[in-house]
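Input: a single structure, listed below in structure tokens.
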Amino acid sequence: MAVSQIYAPLFEPIQLGPVTAKNRFYQVPHCTGLGHVRPRAEAALRGMKAEGGWGVVSTQETEIHPTSDLSPFAEGRLWDARDIPALRLMTDAVHEHGALAAIQLVHNGLHATNLYSRAPVLGPSDMSIDTNQPKQGSAMDKADIRALREWHRAAALRAKEAGFDIVYVYAGHGMTLAQHFMLPHLNTRGDEYGGTLENRVRLTRELLEDTHDAVGDTCAVAFRFGIDEMLGPDGMQAAEEGRAVVELLADLPDIWDVNVSDWTNDSATTRFQPQDGYQNDYLTHVKQVTGKPVVGVGRLTSPDLMASMLRKGLVDLIGAARPSIADPFIPAKIEQGRFDEIRECIGCNICAASDNLGIPIRCTQNPTIGEEWRRGWHPEVIAPRKSDSDVLIIGGGPAGMECAMQLARRGYGVTLSEAAPEFGGRVRKESRLPGLAAWGRVADYRLNDLQQRANVQMFTDSELDADQVMELGIESVFLATGSTWRADGLGRNTRRHLPLIAPEARVFTPDDIMSGRMPDGPVVVYDDDHIYLAGVIAEQLANAGRKVVFITTDSIVSSFLTHTLEQHRVQARLLELGVELRCNRVLRAVSSDAVSTVCGFSGQQDLTECAAAVLVTERTRNTTLFDQLKGRGLRNLQQIGDAAGPGLIADAVFAGHRAARDFERPAEQSENDWFRREIIDLREEMP
């Protein structure tokens, strides 16, 4: 199939220094939680991107030396030659599909905790490191700088030996020593590496020159640069010092990979940055100055936007991290005109949360990410059916829709029954809350797929009881009946003392709010969940003109969202809306006109006057139908998603996917999937 002329520029080769990329799709460096700890899984994940058509596939940040130790997080590592074989697994997997392999070398400077290596922390100046660890960094002297340059050069040579085609110098995200030297609030030196911008950029220039000298004959040298700190006059701005850096370095890199800083801005969630291509305004300054190819990012999911950016000369390559996680096959699908099959990134940052939690990568849209090696899962391929069995799935939320879609792809006859008037379950409901509209893509993608399959029957407004299920005569039933938010205040901090809820109290749950039932007058939102829903509900109520007091058992609002890089924005948004915040308080009682709480530390009591309370504590699994069907002779009866264990939407999608893959599979094979892991080599260490 010929590529449409509209999208043809996306598939033109491009010269990058001494190497050539086969197209303009560039998977920029992103973390996976696999790295040096799970190199086989890392190679399989990156190889899948290459199979999906990406012209360049990059590693995550890769430490060059023990003084840049990011333990306990499993990033890349290239401390010495012993790391080369693990990285060669990745380059071989990428090269197998005709893509270029890129490695992002890094020294993290004041961002390195060195908890494993116990090495001293190095920085441009004496100061605290940027994480909550009891350490300070020491100002590097000239010998330290010479050593750093040699470490970087040696790592570049090892990268070349490992088979990489592109080698990075990295000055972005507020996390790297090269960038720390650039920023005047971190660099207070008085020598030739401090003071003027030219002096502060000197180290980066030297690293670029050293890398070119070491590997530039066969490898392209890329420069990843945070051009704007998004702090206005308090930080580097693209139109001022950011542009000046590009002017100083201009054509020295073979590739400019440009984004905004820090990571919370570069990977902003759709809740606070809904526009795809939201970084485009910061890229114009680069193309005006350098003649070298430029990579741009900004959660790019639209093929039309990608093609437009190339036509306008804004960028030369389409960079992506999160979109390439949600769908590793975006390039292939665009090339083949299968646009409606693209799993668009929803910008929820569950991928970022995985990295911050130190676990293998997860994705709400793509349940196969990180499971390519461990479970052998392919995002586009699934084993065919093993029998002519038909399957009934009750519940059309994220778990039910994913399970139905994958079973239909396997070739089974699928009946999907949903009690509500529309499919989507909690995804559809939550997507109507402030800032969460993009989450509807989870349902839209699956609904579109299901509606095109002849072996799928779909019914809404179809609540089934046990007798009706048995009358259908389908012997394999998956129950994705979800869960319901509690109204009694029971949660992780009230299990010893169940709150007293007066009969006349006006108590609401998230289910009430999402169904359109809104309280009048002043309202308390009580959060013992700590994820995102309580904060979103408080925002919706404040937008509707309610006086809101947000009470949480935690020390900050929506604390889990520190992992998704947006907690600070949530708390700021609520304060801007006039929401009163009360932290470290545990619910004791709700009456008709007040909520009683106690301090989680002192036990001091407090009374908050209100007309109503929204309780966001925990959920009750909807298991009634499952209990009624047990023992009635069904060949397969299984609960999935929130009905089996309430969690994130990503957990529900994963559960539905796994259930579909495991259907009619021997139980011992499925069980073994939990235990396939990469074992540490116990051979004697080299001296």
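Quick rundown of the values:
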{"item": "Long-range neighbours under 6 Å by Cβ, at least six apart or interchain, first residue more than 18 Å from T284 (Cβ to Cβ) within the stretch 253-268, second in a loop (DSSP other than H, G, I, E, B)", "result": "D254/G17; D262/H173; D262/G174; W263/H173; T264/L565; S267/L565"}
{"item": "The stretch 546-586, residues that are small (G, A, S) and assigned to a helix (DSSP H, G or I)", "result": "S559, A572"}
{"item": "Subset of the stretch 515-560 (residues that are of a type in the set (D, E) and closer than 14 Å to L575 by Cα)", "result": "E539"}
{"item": "Some residue of the stretch 299-313 being in a helix (DSSP H, G or I) and under 13 Å from the mean Cα position of the chain (by Cα)", "result": "no"}
{"item": "Residue in the stretch 470-483 that is under 32 Å from the mean Cα position of the chain (by Cα) and hydroxyl-bearing (S, T, Y) present", "result": "yes"}
{"item": "Matching strands (runs of 3 or more DSSP E) fully within the stretch 76-176 where at least 1 residues are of a type in the set (F, W, Y) and more than 25 Å from G190 (Cβ to Cβ)", "result": "166-171"}
{"item": "T59 at pLDDT 95 or above, buried (at least 24 other Cβ atoms within 10 Å of the Cβ) and among the hydroxyl-bearing types (S, T, Y)", "result": "yes"}
{"item": "Of the criteria (1) surrounded by 24 or more Cβ atoms within 10 Å (Cβ to Cβ); (2) out of contact with any helix residue (DSSP H, G or I) (no Cβ under 6 Å at 6 or more places or on another chain), which one H36 fails", "result": "(1)"}
{"item": "Those residues of the stretch 118-144 which are of a type outside the set (A, V, I, L, M, F, W, C) and surrounded by 17 or more Cβ atoms within 10 Å (Cβ to Cβ), in sequence order", "result": "G123, P124, S125, D130, G137"}
{"item": "Identity of the residue in the stretch 269-303, out of contact with any strand residue (DSSP E or B) (no Cβ under 9 Å at 6 or more places or on another chain) and either basic (K, R) or in contact (Cβ under 8 Å) with a residue 60 or more places away in the chain (or both), that ends up surrounded by the fewest Cβ atoms within 10 Å (Cβ to Cβ)", "result": "P274"}
{"item": "Residue among T188, T270, T204 that is of a type in the set (V, I, T), in a loop (DSSP other than H, G, I, E, B) and farther than 30 Å from S558 by Cα", "result": "T188"}
{"item": "All positions within the stretch 192-201 that are free of Cβ contacts under 8 Å to residues at least 40 places away in the same chain and assigned to a loop (DSSP other than H, G, I, E, B)", "result": "E192, G195, T196"}
{"item": "Test result for A101, surrounded by fewer than 20 Cβ atoms within 10 Å (Cβ to Cβ) and modelled with pLDDT of 95 or more", "result": "no"}
{"item": "Those residues of the stretch 343-372 which are assigned to a loop (DSSP other than H, G, I, E, B) and either surrounded by fewer than 21 Cβ atoms within 10 Å (Cβ to Cβ) or among the polar types (S, T, N, Q) (or both), in sequence order", "result": "E344, N349, G358, I359, T364, Q365, N366, T368"}
{"item": "Residue match in the stretch 136-147 (condition: touching a strand residue (DSSP E or B) at 6+ places or on another chain (Cβ under 9 Å), basic (K, R) and over 27 Å from D266 (Cβ atoms))", "result": "no"}
{"item": "Residue in the stretch 66-76 that is at positive phi and at pLDDT 95 or above present", "result": "no"}
{"item": "Residue match in the stretch 599-622 (condition: part of a loop (DSSP other than H, G, I, E, B), touching a strand residue (DSSP E or B) at 6+ places or on another chain (Cβ under 7 Å) and buried (at least 21 other Cβ atoms within 10 Å of the Cβ))", "result": "yes"}
{"item": "Those residues of the stretch 373-393 which are crowded, with 21+ Cβ neighbours inside 10 Å and farther than 20 Å from Q60 by Cβ, in sequence order", "result": "W377, V391, L392, I393"}
{"item": "The stretch 306-317, residues that are out of contact with any strand residue (DSSP E or B) (no Cβ under 6 Å at 6 or more places or on another chain) and under 15 Å from P293 (Cα atoms)", "result": "M309, L310, R311, K312, G313, L314"}
{"item": "When residues of the stretch 213-239 are limited to those that are surrounded by 13 or more Cβ atoms within 10 Å (Cβ to Cβ) and free of Cβ contacts under 8 Å to residues at least 24 places away in the same chain, the one nearest to L16 (Cα to Cα)", "result": "Q237"}
{"item": "Residue in the stretch 234-252 that is part of a loop (DSSP other than H, G, I, E, B), in contact with a strand residue (DSSP E or B) (Cβ under 9 Å, 6 or more places away or on another chain) and at pLDDT 95 or above present", "result": "yes"}
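The values are calculated or read from the model by the stated rules, or taken from the named source; none is laboratory data. Bear in mind the structure is a predicted one, so any value in this text is a computation, not a measurement. With ideal geometry, Cβ positions are generated from the backbone for all residues, glycine too; neighbour counts draw on all protein chains shown.
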